[in-house]
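Derivation of every value follows stated rules applied to the coordinates shown; laboratory data play no part. Everything quoted here is computed from the prediction, not taken from an experiment. So basically every Cβ, Gly included, is an ideal-geometry build from the backbone, and we count neighbours across all protein chains shown.
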Amino acid sequence: MRISRRRFVQLAGLSAAAPALMRAAESAQNPELDPLRPEFHLLPPHNWMNDPNGPIFWKGSYHIFYQLNPHAAVWGDMHWGHAVSADMIRWRHQPIALAPTPGGPDSEGCFSGSAVVADGVPTFIYTGVQNAPPADVTIRDGSSTLREVQMLATAADDGLVRWKKREQPVIAAPPAGVKVTGFRDPCPWREDDGWYLGVGSGERGKGGCVLLYRSQDLRSWEYLHKLAEGKPNGKQAANPCDSGEMWECPDFFPLNNRYCLFYSTEGKVLWTTGRYDARTHRYTPDRDGVLDHGAYYAPKSFLAPDGRRILWGWIQETRTQAEFAAAGWSGVMSLPRVLGVDAAGKLTIMPAAEIESLRGQRIASAVSTAHEPGTWRWPLAALRCEISLRADVPATVRLRTRGVAVWELKLDPASGDVRCGDRSFTAETPARSLPARIFLDGSVIETFIGTTDALTSRVYSVVPGETVLEVEMGADSVEPAVWSLDVISPDRLTR
Ligand code: FRU
């Protein structure tokens with residue numbers, strides 16, 4: 001239904017003092033014209049998405065599934081959306097892969113999970129939620145009435161379009177004696193002696209944890225022990241995810257002679273690397289850090305056929321719910337990131353080389369005047385570009401829209417200090433130099449600093465044709481390279 005701007009304002013009871021909301025509502029009428037909608041990142045044509053689920057390479061194609069609310073641009077009624085790609089960049093939307101079954105253990109939602117291939121059959125393990133009597137409720141956030149169980153579904157065709165659910169849960173309740181704060185987001189893997197599964201969980205006053213299970217057939221599971229757990233931190237919050245007492249979306253895998261465990265809590269994603277004893281099934285982390293310093297959550301990795309460990313993550317909105325609901329879309333899938341672990345055990349994160357296939361024309365520097373040595377400016381006709389630079393002296397990268405600075409990244413190669421809006425961190429600067437790659441796509445900016453740090457930003461005040469990219473970094477610095485990047489769909493909807 002099309003509504004006029006005046007009618008929208010009447011309906012929403014808004015005054016003219018809500019321009020952001022009105023702009024968002026206008027774009028909902030024509031999402032394909034919304035300049036804030038990314039054009040080379042994956043997102044559903046309409047409505048809400050969050051976590052990536054079950055990424056898998058199968059029969060020559062990359063598949064990604066994701067948490068989708070098909071009815072609105074706000075969280076709720078979780079389904080699994082599906083898209084397929086030959087290169088991890090250009091996607092085609094597929095029919096919804098998983099939907100809640102009325103009356104079933106996932107009647108209130110198909111929450112996050114993973115995919116494995118078992119006996120030649122792609123198989124999902126995911127969390128189903130259903131309303132339950134108080135004693136069975138597992139989401140203990142003070143208001144939820146939901147019980148979480150672990151469910152299984154198998155692919156019924158090689159396009160991974162149709163899935164057959166096992167009616168009953170494969171894990172129907174948390175382990176006896178553990179009063180969980182939550183019980184979800186299973187991540188399975190194969191070892192010599194069977195299947196193993198981590199489930200995100202936690203306990204009040206103790207901290208978040210990953211519960212470890214074993215099975216021979218993915219259907220009947222035995223609880224072993226906690227694979228990893230946090231420490232009491234004194235924090236209290238109604239929602240245990242806010243206090244670190246619930247770890248969501250664990251991801252556990254071997255990489256470069258180490259093991260990595262990721263989990264999401266307190267609004268961020270933590271990485272750990274360490275040793276895993278395949279005899280005792282105990283994991284001992286010895287390094288940790290923040291996977292992305294910005295709007296990034298609940299990532300999930302998979303193995304590409306060439307052996308690269310690729311990570312997908314959910315880029316969140318940072319504008320108000322009223323604004324994104326009015327815009328008609330919310331949430332974006334990150335670009336594919338290649339993971340590694342360096343000799344010191346530190347996680348490395350690099351944008352996948354496939355992204356370079358989007359590069360179009362290299363944008364020539366427009367202005368570098370004698371008055372401002374070391375300042376480059378590029379007017380951006382489209383909000384789609386990659387900026388690559390090496391800061392050997394302090395550098396500032398800025399987007400200026402209609403004269404106003406709307407996004408700014410400051411790099412100090414001597415100290416490694418990186419600052420972007422209210423976010424700051426210290427990056428590694430082996431040669432007192434900070435290489436940075438920045439991908440701008442509508443309202444999304446993914447920044448990679450060196451080999452170990454990433455920061456995802458959202459910026460809603462950019463306007464194509466009225467935005468200038470500025471880089472300041474000392475008169476004799478090498479000019480940054482700026483490429484315009486291609487769209488992956490003619491209409492922003494990636495049909
Ligand atoms: C993380 C998360 C998961 C859950 C899913 C529900 O963003 O809360 O723990 O499975 O989203 O949509």
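Expressed as a fraction of 2.2 N^0.38 Å, the C-alpha radius of gyration for region 328-451 is 1.14. Rg and Dmax of the chain, both derived from C-alpha coordinates alone, stand at 22.9, 73 Å.
Converting the Cα gyration tensor eigenvalues of region 193-258 into ellipsoid dimensions via √(5λ) gives semi-axes, longest first, of 26, 14, 9 Å. In sequence order, region 238-251 has phi-based couplings of 4, 8, x, 5, 7, 9, x, 8, 9, 9, 9, 6, x, 9 Hz under the Karplus curve 6.51 cos²θ - 1.76 cosθ + 1.60, θ = phi - 60°, and Gly or Pro positions carry x. Whole-Hz Karplus values for region 471-483 come out as 10, 10, 6, x, 4, 9, 6, 6, 4, x, 9, 10, 10 Hz, taken residue by residue from phi with 6.51 cos²θ - 1.76 cosθ + 1.60 and θ = phi - 60°; glycine and proline positions read x.
In the calculated pair distance distribution of region 172-231, what percentage of Cα-Cα distances lie above 13 Å? Within region 172-231, distances greater than 13 Å cover 59 percent of Cα pairs. Magnitude of the charge dipole for the chain, about its Cα centre and with charges confined to Cβ atoms of Lys, Arg (+1) and Asp, Glu (-1), is about 560 debye.
The simple spin-label model puts a point 7 Å past each Cα toward its Cβ; for Asn239 and Val161 those points are separated by 3.7 nm. Multiplying the residue separation of Asp491 and His371 by 0.36 nm and removing their Cα-Cα distance gives an extension gain of 39.1 nm.
Each of Pro55, Gly474, Ser365 was scored by the projection of its Cα onto the charge dipole of the chain, and the greatest displacement toward the positive side belongs to Pro55; charges sit on the C-beta of Lys, Arg, Asp and Glu. Taking 17 Å as the cut-off, the amide N atoms of region 160-180 that come nearer than this to a point 7 Å along the Cα-to-beta-carbon line of Asp217 belong to 165-172.
In this simple spin-label model, placing a label point 7 Å from the Cα along the Cα-to-Cβ direction at both Arg402 and Arg359 gives a separation of 3.4 nm. Summary of packing: across the peptides 374-380, 404-410, the per-residue average of other C-beta atoms within 10 Å ranks them, highest first, as 374-380, 404-410.
Share of pairwise Cα-Cα distances greater than 18 Å in region 344-396 is 54 percent (whole percent). A Förster radius of 30 Å combined with the Cβ-Cβ distance from Asn256 to Ser61 puts the calculated FRET efficiency at roughly 0.65. Compared with the dominant principal axis of the Cα atoms in the chain, helix 19-29 is inclined by about 70°. The calculated FRET efficiency for the pair Thr451 and Asp476, based on their C-beta separation and a Förster distance of 35 Å, comes to about 0.90. Between Trp271 and Gly289, Val290, Leu291, the built amide H atoms are under 5 Å apart, and every one of these is 5 or more places off in sequence or on another chain. Label point of Thr101 set 7 angstrom out along Cα-Cβ; within region 122-143, amide nitrogens under 18 Å from it belong to 122-132.
In terms of the mean number of neighbouring beta-carbon atoms within 10 Å, the peptides 244-256, 146-158 order highest first as 244-256, 146-158.
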